[in-house]
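Structure, as structure tokens:
The values are calculated or read from the model by the stated rules, or taken from the named source; none is laboratory data. For clarity, every value in this text was computed on a predicted model and none was experimentally measured. Cβ coordinates were reconstructed from backbone atoms using ideal geometry, including for glycine residues, and neighbour counts include every protein chain displayed. Please note that ligands, DNA and RNA were not included when accessible areas were found on the heavy atoms of the full protein model with its side chains. Shrake-Rupley method; radii C 1.70, N 1.55, O 1.52, S 1.80 Å.
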Amino acid sequence: WRSLEAAYRNSPYFEYYEDELQFIFEERPKHLFELNLTTTQAVCNLLQIPFEPNITEEYSKTSDDVDLRGAWNKKPYKEAPPASSFPSYIQVFSDRFDFTPDLSILDLLFCIGPQSIDYLNSLELRH
């Protein structure tokens with residue numbers, strides 16, 4: 001949390017969201033799954049997106065649902081990101097560095113705040 005605070009304290013919306021995010025970094029979940037679920041829930045709440053997780057009881061090699069298990073493999077993701085382009089917005093270190101697209105949801109929230117959902121909806125996603 002201190003690293004995020006040091007990097008984003010001066011961003012336009014850090015104080016707006018900090019109380020709703022800080023607990024994630026202070027809790028000590030027993031499993032990574034719990035951290036992922038808590039983080040996803042918090043981000044969806046901030047973006048005002050309904051979050052209704054459908055947690056499976058057992059592993060299945062095949063599924064009729066969308067299978068995202070390999071969607072974030074670093075090499076294919078870099079070669080074919082999920083959106084055709086990422087419009088720039090003012091980031092914390094814009095005065096020293098070029099825009100970094102697809103940085104993180106926290107960067108987006110801290111820099112453009114409530115407009116984050118509009119930004120995400122404007123992206124042309126690849127299928």
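Miscellaneous remarks
- Some residue of the stretch 41-52 being assigned to a helix (DSSP H, G or I), free of Cβ contacts under 8 Å to residues at least 60 places away in the same chain and open to solvent by 70 Å² or more (accessible area, probe 1.4 Å): yes
- Complete set of residues in the stretch 75-86 that are of a type outside the set (Lys, Arg) and either in a helix (DSSP H, G or I) or in contact with a Gly (Cβ under 6 Å, 6 or more places away or on another chain) (or both): PRO76, TYR77, GLU79
- Search result, residues across the stretch 10-22 that are of a type outside the set (A, V, I, L, M) and open to solvent by less than 80 Å² (accessible area, probe 1.4 Å): SER11, TYR13, PHE14, TYR17, GLU18, GLN22
- Number of residues in the stretch 109-127 that are in a loop (DSSP other than H, G, I, E, B) and either open to solvent by 90 Å² or more (accessible area, probe 1.4 Å) or of a type in the set (Asp, Glu) (or both) equals 3.
Let's see how each residue does on (1) assigned to a helix (DSSP H, G or I); (2) charged (D, E, K, R); (3) at pLDDT 90 or above:
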{"residue": "THR56", "(1), (2), (3)": "no, no, no"}
{"residue": "LEU68", "(1), (2), (3)": "no, no, no"}
{"residue": "SER88", "(1), (2), (3)": "no, no, yes"}
{"residue": "GLN91", "(1), (2), (3)": "no, no, yes"}
{"residue": "ARG96", "(1), (2), (3)": "no, yes, yes"}
{"residue": "ASP107", "(1), (2), (3)": "yes, yes, yes"}
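- Looking only at residues of the stretch 70-86 that are within 30 Å of GLN22 (Cβ to Cβ) and either modelled with pLDDT of 95 or more or of a type in the set (A, V, I, L, M) (or both), we find that the one that is surrounded by the fewest Cβ atoms within 10 Å (Cβ to Cβ) is ALA71.
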